[in-house]
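Taken together, the values in this text are just the output of simple stated rules run on the coordinates, not laboratory data. These numbers come from a predicted model, not from an experiment. When we count neighbours, we look across all protein chains shown, and the Cβ atoms used for this are built from the backbone with ideal geometry, even at glycine.
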Amino acid sequence: MSWISNTFSSSIGRKIIMSVTGLFLCSFLVVHLVGNLQLFKDDNGVAFNAYSEFMGHNPIIRTIEWVLVLGFGFHIYQGLALAAKNRAARGSNYVSDHIEQNSKWYSRSMALLGSIVLFFLVVHLYNFLGSLRFMDVPRDANGNEDAYGLVVQAFRNPFYVVLYVVAQVALCYHLLHGFQSAFQTLGLNHRKYTPAIKALGFGFSIIVCALFAAMPVYFFFFKS
Amino acid sequence: MAGSNPNAKPMNLTLKVWRQKNRAAKGGIVEYKVKDISPDMSFLEMLDVLNEDLLRKGDEPVAFDHDCREGICGSCNLFINGRAHGPEKGTTTCQLHMRKFSDGDTITIEPWRANAFPVNKDLSVDRSAFDRIIQAGGYVSVNTGGAPDGNEIPIPKEIADRAFEAATCIGCGACVASCKNASAMLFVSAKVSQLALLPQGNVERKARVENMVAQMDKEGFGACTNIGSCAAECPVGISLENIAILNREFLAAKATSNNLV
C-alpha cells in the first residue's frame, strides 16, 4: 500500500477525512441557506426562481456540484464505516455504564444523528432536486422553472414539515459536536483560539438550523 | 487507629462482581455480601476482605490487578458503578476510599471492556497492547558513555512543564475503558506529545508517531470521535489538547517523512 492510502486508512487519517469533508459540508450549508433565504421574500418566488434557474444551469455550479457529491459521499461512507469499526472495537458492553456522567449525549450519537440527516437528505432530494432535474416543472412569468411553487406544494403536507424540522434539530446537534470536533481533529486546538471556535460552532449550529427549520414552518402557516 | 474518623461506622455492602474463568469463557455477574467494611479502607482493601471471605469458604478468590496501591503504577483498573476507577474524579481505584460509599450500597465491579484488552480472568485484563505501542516508538535514543550534565540541553520551564504533564500518564487504560469506541488515542497522544515537546525526542520524531499510530490501529483500538469521556475519567488529568498534538504530529510526519509506506 502506498503512503497515501496508508495515511487515509489509518484511524487518524479517517478522522481527517471526516473533519475536512464535514467543514466543506458546513460551507455548503451557508451557501444553501443564503440562497434559500430568498424564499422569505414576498414576491411570489420571482427572485428564488431566478436563483434556482441559475444554480441549475450555470456550468461552473454544475461542475462544483460533483465536488459536493464527493464530499457527501466520503463523509457518509466514512462516518458509517467508522461507526461500525468503533462498535466492533468495544466488543462487549458494560453491565452498568454511566457514560452520561462524563460526556454529552449528542457527542456519542453522531452516527445516529447523521443517519437521521441522511434520511432527510434522500427525501429532500426527491422533493425538490428530483422534480427540477427529471420532471417537467411549470414556468413562472419570467420563464424560470417555478421552484417556489414546488416549495409551496411540498410544505402543504404536514408530514414533510415535521420531518424537515426534526431533521434540522438532528443536524443542529450533529453540528454542535461536529463543528468544533473538526478543528480538534485537524490539530487546531489552542488555548487562545479554541474557545472562539467553540462559540462560533455553537452559534453556527443554532442559527443555520433555526433558519432552515423556519422555512417549512413559514410555508405551512403562511403560504399554503 | 490513628488518623481514622472515630464516627465512621463499619459498612455492609452488596457487590456485583464480574466473574470469568478465562479468556475463552463467557463471564457473568455474581453477587456477594461483604460485612464490617471500614470507611477508611481503600477499594482494593475491601476486595481483599471479600477474597479472605471467599478463601475461608473454599471458594475461588476474585482476580484483580494491583501493584503499588499508591496511585502511580496504573495496575489497578476496575470499572466501578459504570465509571472507570469509580465515580470519583482524578483517582485510581486504589486511591478510592470506602467512605465515598454508604452502608447498604450495591456496587457493580467490572473489568475494562475493549477488544484490545482481553479479560484474563475475572477483573484482570491483558493490557500488553499498550506495551507494544510503547515498543513501537515510545522511547528516545541517547548516547552511551558518562552521565550527561543535568542542564546540558536548555529547555524552557513552560515546555518542561507541559511535557511533564503528558508524562504523568500511568498507562492504566481508563481512557480506553471509558471510551465508547475503545480508542487508545489519549494514551498514545500523551506518550507522543511528551516526547515531541522535548528536544531529546526530535531524533525519532516522525518515525515515532507513524509507528505508534500504526501499532495502535493494529491492536484493534477504535478511532477517536472527540467525545471526551477519556479526559474526564483520566486519573491524572491528561487533556484532549494532547490528542490535537498527536493529530498534528501525525499529519506533519505523514506529509514530510521519507517513509514511503
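Just name one of A:G22, A:Y51, A:L33: the one whose Cα is farthest towards the positive end of the charge dipole of the stretch A:1-96 (beta-carbon charges, Lys/Arg +1, Asp/Glu -1). Of the options given, the answer is A:G22.
Amide H contacts of B:G222: B:S183, B:A184, each under 5 Å away and 5 or more positions distant or on a separate chain (H built 1.01 Å from N in the peptide plane; Pro and chain starts excluded).
The label point for A:L211 and the one for B:V142, both projected 7 Å from the Cα toward the Cβ, are 5.9 nm apart.
Of the Cα atoms belonging to the protein assembly as shown, the radius of gyration and Dmax stand at 27.7, 94 Å. When both bridge partners sit in the protein assembly as shown, DSSP labels roughly 75% of those beta bridges antiparallel. With the charge dipole of the protein assembly as shown set up from +1 on Lys and Arg Cβ and -1 on Asp and Glu Cβ about the Cα centre, the Cα lying farthest toward the positive end among the listed residues A:N6, B:A223, A:I99 is that of A:N6. Given B:K35/B:K100; B:K206/B:K254; B:K26/B:K121; A:K85/B:K218; A:K15/B:K191; B:K16/B:K121, which pairs have Cα atoms separated by over 18 Å? Checking Cα-Cα distances, A:K15/B:K191 exceed 18 Å.
Among the chymotrypsin sites (Phe, Trp or Tyr not before Pro) within the stretch A:193-224, those in coil by DSSP and having at most 14 neighbouring Cβ atoms inside 10 Å are A:Y193.
PRE reach from A:V31 (point 7 Å along Cα→Cβ): which of the stretch A:41-67 fall under 17 Å by backbone N? Label zone hits: A:51-67. Here chain B yields Rg over Rh of 1.04, to two decimals, using C-alpha coordinates and the Kirkwood radius.
Using r as the Cβ-Cβ distance of A:R87 and B:T106, and R0 as 41 Å, what FRET efficiency do you calculate, to the nearest 0.05? Kindly include the intermediate steps, with their values, before the conclusion.
Values: r = 29 Å, r/R0 = 0.70.
Result of the calculation: an efficiency of 0.90.
In a reduced charge model with +1 at each Lys and Arg Cβ and -1 at each Asp and Glu Cβ, chain A shows a dipole moment near 980 debye about its Cα centre. Dipole orientation for chain B: of the candidates B:P154, B:Q95, B:A129, B:A129 has the Cα lying most toward the positive pole (charges on Cβ; Lys, Arg +1; Asp, Glu -1). Across the stretch B:11-120 the C-alpha pair distances fall into 10 Å bins from zero in the proportions 14, 48, 33, 4 percent. Each residue of the stretch B:191-207 was assigned a 3J(HN,Hα) from its phi angle through the Karplus curve 6.51 cos²θ - 1.76 cosθ + 1.60 (θ = phi - 60°); the sequence is 5, 5, 6, 3, 7, 5, 6, 9, x, 4, x, 5, 4, 9, 3, 6, 4 Hz, with glycine and proline shown as x. Considering helices alone, the calculated mean residue ellipticity of chain B at 222 nm is -10000 deg cm²/dmol, with DSSP H runs of length four and up weighted by -39500 (n - 2.57) and normalised per residue.
The amide H of B:M11, built 1.01 Å from its N in the peptide plane, has B:D36, B:I37, B:S38 as neighbours under 5 Å, considering only residues 5 or more places off or on other chains.
About the Cα centre of the stretch B:11-120, how large is the charge dipole given +1 on each Lys and Arg Cβ and -1 on each Asp and Glu Cβ? Please answer in debye to the nearest 20. Display every interim value, and only then the final one.
Numbers: 15 positive and 16 negative charges, 100 e Å.
So the dipole magnitude of the stretch B:11-120 works out to roughly 480 debye.
Compute the semi-axes of the equivalent ellipsoid of chain A, taking the square root of 5 times each eigenvalue of the Cα gyration tensor, and list them largest first in whole Å.
Each semi-axis is the square root of five times an eigenvalue, giving 35, 21, 17 Å.
Scan the stretch B:187-237 for trypsin sites (Lys or Arg not before Pro) in coil per DSSP, keeping those whose Cβ has at most 16 other Cβ atoms within 10 Å, and list them by number. Qualifying residues, ordered by number: none. Not counting the cut sites, what is the longest span of chain B without GluC sites (Glu not before Pro) that DSSP labels loop and that have at most 14 other Cβ atoms within 10 Å? Free of exposed loop sites, the longest segment is B:153-261. Cysteines of chain A lacking any other cysteine Cβ under 4.7 Å from their own Cβ: A:C26. The value of relative contact order for the stretch A:135-206, using C-alpha pairs under 8 Å at least six residues apart, is 24 percent. Taking the Cα centre of the protein assembly as shown as reference, the dipole from Cβ charges on Lys and Arg (+1) and Asp and Glu (-1) amounts to some 520 debye.
Mean per-residue shielding of peptide B:247-255 is 5, counting Cβ atoms of other chains within 10 Å of each Cβ.
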